[in-house]
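S.K.: Sharing a structure with you now.
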Amino acid sequence: MYKRISVLALAILVLLGAPARSADRPSFIRDAEIENSIRVWATPLFVAAGLNPGAVRIHLVKDNTLNAFVAAGQNLFLNTGLLVRTENVSQLIGVIAHETGHIAGGHLARMDEALKNASTEALIAMVLAGAAAAASGRADVGSAILMGGSSVAERSLLSFTRTQETAADQAAVSLLDATGQSSKGLLEFMEILGDQELLVTERQDPYVRTHPITSERISFLRNHANESHFTGVQAPPEYAEMHRRMRAKLFSFLELPARTLQRYREEDESLESRYARAIAHYRKPDLARALPLVEDLLAERPADPYFQELKGQILFENGRAPDALAAYQEAVRLLPNSPLLRISLAQVEIELNQPPLLEDAVGHLNFALTEEADNGFAWRLLAIAQGRRGNEGEAAFAMAEYAMLGGQIAEALHHATRAEKLLPRGSPSWLRVQDVKAQAMRLREERKR
């Protein structure tokens, strides 16, 4: 039942033996609003490229450098630095179109062979495998799990030839035309990066090192923009607002509150400015200013699940779980298919520790895990909820899954063996425990070699 990327994560951790220096470790963040926004922008491109949108995984890398890449099949990685520094949504959509071109063009076929050839290059596999580990964090944007990485490995494994870059550019403009969108944003982005080719490597953004920018590529994009019928097409207003909100949210969560309040000043009454200031005051913490701003946003947009989520987060993290419950319940009501919102709601319900709420939490977590089976944090919460309900077999099963995702093979075997004894023989959970146990035993034997 384990996806290949999860097994790869465990194997690479064993290979390396010790974690990389913390300064070299990229972090991965989860945020329902940002992930959903990117999914909205990317899905038409995925469909036009003949890809199954649900099969393409989107990962947010907490790194202020400007970079994006695809790896290990259909995995799209976007640095927070790229998301914040794109000046408009069309630039970001253009980058996504280009990376989609790499996926559709099969430019990643050499990845497995490269991992076999050099253990130093295998460092970057931890970035790829971090997709599983990142899911173990809180559902809010401030949560991140650190995994090892290497800039040398990044340049080695994620760099593309100029031929592949040209092919991805051609695919990108075709995809943008096919979806009725302008390629001007992609041209603008490439022009911004073009001058960096003249900088020494240490001063270049990673995107330049992994995606060589050439005058020929920029000329191609410029010529296409001059000839395309869609160059003058503006992104839908809702796309533009989503992009502004994303930038404000990332900036206010990742930068010091003082910097956020300097950029998004009180006289700026735009929605994204109030959003950013609410987050900044919450992080100070200054609830007397944060909560009125959130309530103001909710008065304007009562059906916005992400404003409800922020209200719930602020209240919960400041010891007001009963008040947070209603906000998270409303967020889930408004966006019921979001695994991350359901996980956050379940956490509040578990904190309140009331039998009806514990039962509800189990339902939310089971739903979330059908969408994200490699979400370690959800498995951990499920173990707590089932344990408090007296379902020791289910709790042991959830702990076995949690331990497996964390690479704790001995712990996984211990909990799986216990679950096997406690669960009704032949039940769905009992059958899944057999998979966990077999996987753990196989990995244990591999470690002994």
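The values are calculated or read from the model by the stated rules, or taken from the named source; none is laboratory data. Keep in mind that this is a model prediction, so the values were computed, not measured. So basically every Cβ, Gly included, is an ideal-geometry build from the backbone, and we count neighbours across all protein chains shown.
S.K.: Taking the stretch 304-330 only, how many residues are over 15 Å from Ala361 (Cβ atoms) and hydrophobic (A, V, I, L, M, F, W, C)?
M.R.: 6
S.K.: Scan Leu293, Leu298 and give me the residue that is in a helix (DSSP H, G or I), crowded, with 16+ Cβ neighbours inside 10 Å, at negative phi and touching a Lys or Arg at 6+ places or on another chain (Cβ under 6 Å).
M.R.: Values: Leu298 fails: touching a Lys or Arg at 6+ places or on another chain (Cβ under 6 Å).
After ruling out the rest, the residue left standing is Leu293.
S.K.: Taking the stretch 314-330 as the search range and keeping residues that are in contact with a Gly (Cβ under 7 Å, 6 or more places away or on another chain) and under 14 Å from Ile350 (Cα atoms), which one is surrounded by the fewest Cβ atoms within 10 Å (Cβ to Cβ)? Can you show your working first?
M.R.: Initially, the stretch 314-330 is screened for residues in contact with a Gly (Cβ under 7 Å, 6 or more places away or on another chain), giving 324, 327-328.
Narrowing the set further to residues that are under 14 Å from Ile350 (Cα atoms) leaves 324, 328.
Working: Ala324: 24, Tyr328: 28.
Filtering first and then ranking leaves Ala324.
Conditions tested, residue by residue: (1) assigned to a helix (DSSP H, G or I); (2) modelled with pLDDT of 95 or more.
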site	(1), (2)
Pro212	no, no
Ser219	yes, no
Phe230	no, yes
Met246	yes, yes
Lys249	yes, yes
Phe253	yes, yes
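S.K.: Let me ask another. Filter the stretch 36-65 down to the residues that are among the aliphatic types (A, V, I, L, M) and more than 18 Å from Thr370 (Cβ to Cβ) and list them by number. Quick ask: steps written out before the conclusion?
M.R.: Quick first cut of the stretch 36-65, residues among the aliphatic types (A, V, I, L, M) only: 38, 40, 42, 45, 47-49, 51, 55-56, 58, 60-61.
The answer is Ile38, Val40, Ala42, Leu45, Val47, Ala48, Ala49, Leu51, Val56, Ile58, Leu60, Val61.
S.K.: Looking at Leu431, is it crowded, with 17+ Cβ neighbours inside 10 Å and either in a helix (DSSP H, G or I) or not charged (D, E, K, R) (or both)? Even if it seems obvious, please write down each step before you answer.
M.R.: Values: crowded, with 17+ Cβ neighbours inside 10 Å: no; either in a helix (DSSP H, G or I) or not charged (D, E, K, R) (or both): yes.
So Leu431 fails the test.
S.K.: A further question on this structure: Of these, Glu349, Glu330, Glu309, Glu401, which one is within 21 Å of Leu423 (Cβ to Cβ), at pLDDT 95 or above and acidic (Asp, Glu)?
M.R.: On the way: Glu349 fails: within 21 Å of Leu423 (Cβ to Cβ); Glu330 fails: within 21 Å of Leu423 (Cβ to Cβ); Glu309 fails: within 21 Å of Leu423 (Cβ to Cβ).
Of Glu349, Glu330, Glu309, Glu401, the one residue that is within 21 Å of Leu423 (Cβ to Cβ), at pLDDT 95 or above and acidic (Asp, Glu) is Glu401.
S.K.: Would you mention how many residues in the stretch 431-449 are touching a residue at least 12 places away in the same chain (Cβ under 8 Å) and closer than 16 Å to Glu394 by Cβ? Give the derivation first.
M.R.: Within the stretch 431-449, the first condition is being touching a residue at least 12 places away in the same chain (Cβ under 8 Å), and the residues that meet it are 432-437, 439-441, 443-444, 446-447.
Cutting the leftovers down to closer than 16 Å to Glu394 by Cβ gives us 432-437.
Selection size over the stretch 431-449: 6.
S.K.: I've got another one for you. Can you pull out every residue in the stretch 77-89 that is over 14 Å from Ile192 (Cα atoms) and buried (at least 22 other Cβ atoms within 10 Å of the Cβ)?
M.R.: If the condition is that a residue be over 14 Å from Ile192 (Cα atoms) and buried (at least 22 other Cβ atoms within 10 Å of the Cβ), then Phe77, Leu78, Asn79, Thr80, Leu83, Val89 are the ones that fit.
S.K.: Of the residues Asn375, Asn391, which is among the polar types (S, T, N, Q), crowded, with 18+ Cβ neighbours inside 10 Å and touching a residue at least 60 places away in the same chain (Cβ under 8 Å)?
M.R.: Numbers: Asn391 fails: touching a residue at least 60 places away in the same chain (Cβ under 8 Å).
That would be Asn375, the only listed residue that is among the polar types (S, T, N, Q), crowded, with 18+ Cβ neighbours inside 10 Å and touching a residue at least 60 places away in the same chain (Cβ under 8 Å).
S.K.: Tell me whether the stretch 333-342 contains one or more residues that are surrounded by 21 or more Cβ atoms within 10 Å (Cβ to Cβ), within 24 Å of Asp286 (Cα to Cα) and free of Cβ contacts under 8 Å to residues at least 60 places away in the same chain.
M.R.: no
S.K.: Can I ask one more? In the set Ile384, Ile343, which member is under 23 Å from Ala412 (Cα atoms), more than 24 Å from the chain's Cα centre (by Cα) and of a type in the set (Val, Ile, Thr)? Give the steps one after another, and end with the answer.
M.R.: Details: Ile343 fails: more than 24 Å from the chain's Cα centre (by Cα).
That would be Ile384, the only listed residue that is under 23 Å from Ala412 (Cα atoms), more than 24 Å from the chain's Cα centre (by Cα) and of a type in the set (Val, Ile, Thr).
S.K.: So, one more: Residue under question is Phe46, and the condition is that it be at pLDDT 95 or above and more than 30 Å from Ala280 (Cβ to Cβ); does it hold? It would help to see each step written out before you state the result.
M.R.: Values: at pLDDT 95 or above: yes; more than 30 Å from Ala280 (Cβ to Cβ): yes.
The answer is yes for Phe46.
S.K.: Of all residues being surrounded by fewer than 24 Cβ atoms within 10 Å (Cβ to Cβ) and assigned to a helix (DSSP H, G or I) in the stretch 303-313, which is nearest to the chain's Cα centre (by Cα)? Just the residue, please. I'd like the intermediate steps shown before the answer.
M.R.: Taking the stretch 303-313 as the starting set, the residues that turn out to be surrounded by fewer than 24 Cβ atoms within 10 Å (Cβ to Cβ) are 303-306.
Subsequent filtering for residues that are assigned to a helix (DSSP H, G or I) retains 305-306.
Working: Pro305: 18, Tyr306: 16 Å.
The selected residue is Tyr306.
S.K.: Of the residues in the stretch 314-330, how many are closer than 20 Å to Ala32 by Cα and either in a helix (DSSP H, G or I) or hydroxyl-bearing (Ser, Thr, Tyr) (or both)?
M.R.: To start, the set of residues in the stretch 314-330 that are closer than 20 Å to Ala32 by Cα comprises 314-317, 324-330.
Narrowing the set further to residues that are either in a helix (DSSP H, G or I) or hydroxyl-bearing (Ser, Thr, Tyr) (or both) leaves 314-316, 324-330.
Final tally of qualifying residues: 10.
S.K.: From Arg380, Arg418, grab the single residue that is crowded, with 16+ Cβ neighbours inside 10 Å, on the phi < 0 side of the Ramachandran plot, in a helix (DSSP H, G or I) and touching a Phe, Trp or Tyr at 6+ places or on another chain (Cβ under 6 Å).
M.R.: Working: Arg418 fails: touching a Phe, Trp or Tyr at 6+ places or on another chain (Cβ under 6 Å).
Arg380 is the lone residue from the list that is crowded, with 16+ Cβ neighbours inside 10 Å, on the phi < 0 side of the Ramachandran plot, in a helix (DSSP H, G or I) and touching a Phe, Trp or Tyr at 6+ places or on another chain (Cβ under 6 Å).
Residues checked against (1) modelled with pLDDT under 95; (2) more than 28 Å from Asn353 (Cβ to Cβ); (3) more than 30 Å from the chain's Cα centre (by Cα):
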| position | (1), (2), (3) |
| --- | --- |
| Ala396 | no, no, no |
| Ile409 | yes, yes, no |
| His414 | no, no, yes |
| Lys437 | yes, yes, no |
